[in-house]
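**Student:** Here it is: the structure, laid out below.
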Amino acid sequence: MQCPQNCRAAETCALADIPGIAPAAFFSLLKPRTLIPPHTGVTNIRLVVHIPLVVPEGCCSGWQ
């Protein structure tokens with residue numbers, strides 16, 4: 001298991017079980033000052049959560 005804490009967090013959620021579709025988890029590498037606009041998933045069965053793994057000091061001063 002490469003990311004045990006993330007896996008444990010995902011296991012606490014009520015996840016859909018659809019073979020080949022769900023559940024699924026993704027990791028993204030974002031450049032500094034990247035903004036993630038408000039959005040929704042492809043279907044209404046998905047939980048979309050963004051959890052930062054590494055947050056440089058002072059990068060979220062404008063975050064609310």
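Bear in mind these aren't lab numbers, they're just calculated from the coordinates by the rules spelled out. From a predicted model like this one, the values you see are computed outputs, not experimental measurements. Cβ sites come from the backbone with ideal geometry, for glycine too, and all protein chains shown count toward neighbours.
**Student:** Given a Förster radius of 35 Å and the C-beta distance between ALA9 and GLU57 as r, what FRET efficiency does 1/(1 + (r/R0)^6) yield to the nearest 0.05?
**Tutor:** Working: r = 24 Å, r/R0 = 0.67.
Computed FRET efficiency for ALA9 and GLU57 comes out at 0.90.
**Student:** What ranking of LEU35, LEU15, LEU30 emerges when the number of other C-beta atoms within 10 Å of each C-beta is taken as an exposure proxy, fewest first?
**Tutor:** Working: LEU35 5, LEU15 15, LEU30 11.
Sorted ascending by nearby Cβ count, the order is LEU35, LEU30, LEU15.
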